């Protein structure tokens, strides 16, 4: 008897481990690497042992001639001096002073930090509130013009910022929102990528669960709130993490729409230039500039610590996480609809719509 008919968990997918199928996927990449990288390198090694004039085998004489050249020795010494002296692995005098200057003596840093929070938080919240119902409609509801509208969403998603920059600037200028935080928040909140991402997760929800909810009298809105959102939580978390990373590190949108530097986010932060300093970054690679760059990945890390398994790993495991949501099932008043489709179908065939005692045998 199959595992599903016996009430056990569905069998896990076993990848192909032998045969020629894996090589069909590997051959294009392997051939490209061999032709474009490996063969030219081996040919250069072969030619290094032959004379360029006569074509005769000369062994290591070409290498000895290179080592005798003054220009080569000078270049090697400069390279070693640059690596050892200019880029030391450990500082000569370790100190936390750059972090003290950044966190305690730089009011501009805190201003830009809170500017980032004021811009990113509404963008992420708007993406969830606006994109989740739209994604549910595309994934679970059928209406006229669905495919054309979803194709339009995909086209807009594929357009880079440079394509829509002028039109967005004109619209925001007409609304009088330039040089305000809303110039960054509103275009980000209506982004089309979260719709595409959440629709992928909502599509993986078994139809038997939504049908069972409808049999118990749940309307489309209640089905979305009590069945779609709990089971599509990995998609929502993935959209939150990716949206946070995109707009926390945004550069082009603030530079285009915000002329007032007091509204700039932390991604545009650069310590002020002091007198007598030179270089692209003030004072070369200053300590406070390095400290400002070193702390930025911390916020990206914080954004993904809420539910790593459901949010980040969920990008590639949507069907698996939808079919086995036992932990989430007990936290929702509609948790009984998180059962396997065969259990729901068996309850429907018995003529009952109540779930009292469904889990008594567990």
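Laboratory data are not the source of any read-out in this text; all were calculated from the coordinates shown. If you're wondering where the values come from, they're calculated on a predicted model, not measured in any experiment. Note that each Cβ is placed from the backbone with ideal geometry, even for glycine, and that neighbours are counted across all protein chains shown.
Some observations on this one:
- Residues 51, 106 arranged by fewest to most Cβ contacts within 10 Å: 51, 106
- The alpha carbon gyration tensor of the stretch 89-142 gives principal lengths a ≥ b ≥ c with a/c of 1.5 or higher and a/b no greater than b/c, which makes the shape oblate.
- Order of 96, 236 under a 10 Å beta carbon neighbour criterion, fewest first: 96, 236
- Förster radius 41 Å - calculated FRET efficiency between residue 179 and residue 73 (Cβ-Cβ, nearest 0.05): 0.10
- Listed by Cβ neighbour count within 10 Å, with the fewest neighbours leading, 198, 165, 112 appear as 165, 112, 198.
- Approximate spin-label separation residue 166-residue 33, in nm, with each point projected 7 Å along Cα-to-Cβ: 4.3
- Global form of the stretch 131-250, assessed from the alpha-carbon gyration tensor, a/c cut-off 1.5: prolate
- Gain in span if fully extended, residue 154 to residue 211, counting 0.36 nm per residue against the direct Cα distance: 17.7 nm
- Theoretical FRET efficiency, 1/(1+(r/R0)^6), r = Cβ-Cβ of residue 82 and residue 52, R0 45 Å, to 0.05: 0.90
- For the stretch 46-89: rounded, prolate or oblate by the Cα gyration tensor [a/c cutoff 1.5]: prolate
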